[in-house]
Amino acid sequence: MALHKVGSVSGISDGEMQVVDAGGEEVLLLKTEGQVYAVAAICTHALGYLDQGDLEEFTVFCPLHEGSFDVRTGAALTLPCTEPLKTFPVKVEGDDIFVEA
Ligand code: FES
């Protein structure tokens, strides 16, 4: 595990989702309610890219079959998703966002 610089706080708006590379891992970086979170970019049900879905407060909705996850814990909230999303620790230093992966 290592820290990877993946973006900047000023470069992501509240409610925005971005797919970033963190040491070879595809990570969904997002900001909601003023906090930055990092989870796996791809849904655990099939191959839905979550950045193409919707974000409502702390819930991300998959664009393919509308399963959802809590971005704080990765917990699967609605079917057909049952497996949790991988989550990644986020560290903010000044304007820089680092993800541990
Ligand atoms: Fe995400 Fe099916 S791929 S709910």
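What about residue 77, is it farther than 16 Å from residue 18 by Cα, among the aliphatic types (A, V, I, L, M) and either outside any strand (DSSP E or B) or within 9 Å of the ligand (Cβ to nearest atom) (or both)? In short, no.
For every residue, the table says whether it meets (1) in a strand (DSSP E or B); (2) open to solvent by less than 60 Å² (accessible area, probe 1.4 Å); (3) within 16 Å of the ligand (Cβ to nearest atom); (4) of a type outside the set (A, V, I, L, M).
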{"site": "10", "(1), (2), (3), (4)": "no, no, no, yes"}
{"site": "28", "(1), (2), (3), (4)": "yes, yes, yes, no"}
{"site": "31", "(1), (2), (3), (4)": "yes, yes, no, yes"}
{"site": "44", "(1), (2), (3), (4)": "no, yes, yes, yes"}
{"site": "97", "(1), (2), (3), (4)": "yes, yes, no, no"}
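Of everything in the stretch 80-95 that is farther than 27 Å from residue 10 by Cβ and over 16 Å from the mean Cα position of the chain (by Cα), the residue that is farthest from the ligand (Cβ to nearest atom) is 82. Note on the stretch 54-74: residues that are free of Cβ contacts under 8 Å to residues at least 24 places away in the same chain and more than 7 Å from the ligand (Cβ to nearest atom) total 8.
The values are calculated or read from the model by the stated rules, or taken from the named source; none is laboratory data. Fair warning: this is a prediction, and the values are worked out from it, not measured in the lab. Reconstructed Cβ throughout: ideal geometry from the backbone, glycine too, with neighbour counts over all protein chains shown. Ligands, DNA and RNA are excluded from the accessible area calculation, which covers all protein heavy atoms including side chains. Shrake-Rupley method; radii C 1.70, N 1.55, O 1.52, S 1.80 Å.
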